[in-house]
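Undergrad: The structure is given below, and queries will be raised subsequently.
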Amino acid sequence: MTQLTPLTYQLGHEPALVVDETCSAETLYDNAEARLEAARGMLETVASLEVATHLHRHDLANVAQAAQILAADASDLYRASHHGRFRPR
């Protein structure tokens, strides 16, 4: 039976994005890793750019928001993965 849990970061009052906690712990973990690596890679790219010190405030805010969303998704997926490891089969 499907168990849908809304992701933490949502716009609006209805949960548009959810995690199916009945997925395997491995699938949830792999998706968490992908989001965390995307956020890390994006931040490393910005940090290594010579123009990083000259970014406009809105550009930096956009990168920070993207990293925040990816990290929140990763956290939710890690949590669901952890719960999935202990779910009876």
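Undergrad: Are any residues in segment 37-49 farther than 25 Å from Val19 by Cβ and either at pLDDT below 85 or surrounded by 11 or more Cβ atoms within 10 Å (Cβ to Cβ) (or both), and if so, which ones? First the steps, then the outcome.
TA: So in segment 37-49, the residues farther than 25 Å from Val19 by Cβ come out as 44-49.
Residues satisfying the conditions are Thr45, Val46, Leu49.
Undergrad: Next question, about the same structure. Test Asp30 against the stated conditions and say whether it is among the charged types (D, E, K, R) and under 13 Å from the mean Cα position of the chain (by Cα). Outline the logic, then answer.
TA: Numbers: among the charged types (D, E, K, R): yes; under 13 Å from the mean Cα position of the chain (by Cα): yes.
Answer is yes for this residue.
Undergrad: Scan (1) of a type outside the set (A, V, I, L, M, F, W, C); (2) surrounded by 12 or more Cβ atoms within 10 Å (Cβ to Cβ); (3) outside any helix (DSSP H, G or I) for the single condition His13 breaks and write down its number.
TA: If we test His13 against (1) of a type outside the set (A, V, I, L, M, F, W, C); (2) surrounded by 12 or more Cβ atoms within 10 Å (Cβ to Cβ); (3) outside any helix (DSSP H, G or I), just (2) comes out false.
Undergrad: With respect to Ser24, is the statement that it is touching a residue at least 24 places away in the same chain (Cβ under 8 Å), small (Gly, Ala, Ser) and surrounded by fewer than 16 Cβ atoms within 10 Å (Cβ to Cβ) true?
TA: Values: touching a residue at least 24 places away in the same chain (Cβ under 8 Å): yes; small (Gly, Ala, Ser): yes; surrounded by fewer than 16 Cβ atoms within 10 Å (Cβ to Cβ): yes.
Considered against the rule, which asks whether it is touching a residue at least 24 places away in the same chain (Cβ under 8 Å), small (Gly, Ala, Ser) and surrounded by fewer than 16 Cβ atoms within 10 Å (Cβ to Cβ), Ser24 comes out as yes.
Undergrad: Tally the residues that are exposed (fewer than 11 other Cβ atoms within 10 Å of the Cβ), at pLDDT below 80 and either under 25 Å from Thr8 (Cβ atoms) or of a type in the set (A, V, I, L, M) (or both), restricting the search to segment 50-70.
TA: 1
Undergrad: Please indicate, with yes or no, whether at least one residue in segment 41-58 is within 23 Å of Glu26 (Cα to Cα) and assigned to a helix (DSSP H, G or I). Don't jump to the end; show me each part of the working.
TA: Quick first cut of segment 41-58, residues within 23 Å of Glu26 (Cα to Cα) only: 41.
Restricting the remaining residues to those that are assigned to a helix (DSSP H, G or I) gives 41.
Scanning segment 41-58, I find at least one residue that is within 23 Å of Glu26 (Cα to Cα) and assigned to a helix (DSSP H, G or I), so the answer is yes.
Undergrad: A further question follows. Would you point out the residue of segment 17-36, among those that are of a type in the set (S, T, N, Q) and part of a helix (DSSP H, G or I), that is farthest from Tyr78 (Cα to Cα)?
TA: Taking segment 17-36 as the starting set, the residues that turn out to be of a type in the set (S, T, N, Q) are 22, 24, 27, 31.
Restricting the remaining residues to those that are part of a helix (DSSP H, G or I) gives 27, 31.
On the way: Thr27: 10, Asn31: 9 Å.
Of everything passing the filter in segment 17-36, Thr27 is farthest from Tyr78 (Cα to Cα).
Undergrad: Now, a different point. Go over the candidates Ala80, Ala67 one by one and state the one that is in contact with a strand residue (DSSP E or B) (Cβ under 6 Å, 6 or more places away or on another chain), in a helix (DSSP H, G or I) and under 30 Å from Glu21 (Cβ atoms). Write out each step before concluding.
TA: Numbers: Ala67 fails: in contact with a strand residue (DSSP E or B) (Cβ under 6 Å, 6 or more places away or on another chain).
Ala80 is the lone residue from the list that is in contact with a strand residue (DSSP E or B) (Cβ under 6 Å, 6 or more places away or on another chain), in a helix (DSSP H, G or I) and under 30 Å from Glu21 (Cβ atoms).
Undergrad: Check Ala80, Ala34 and return the single one that is modelled with pLDDT under 95 and surrounded by 11 or more Cβ atoms within 10 Å (Cβ to Cβ).
TA: Values: Ala34 fails: modelled with pLDDT under 95.
Going through Ala80, Ala34 in turn, just one is modelled with pLDDT under 95 and surrounded by 11 or more Cβ atoms within 10 Å (Cβ to Cβ): Ala80.
The values are calculated or read from the model by the stated rules, or taken from the named source; none is laboratory data. Just so it is clear, the model here is predicted, and its values are computed rather than measured. Virtual Cβ from ideal backbone geometry, glycine too; neighbours counted across all protein chains shown.
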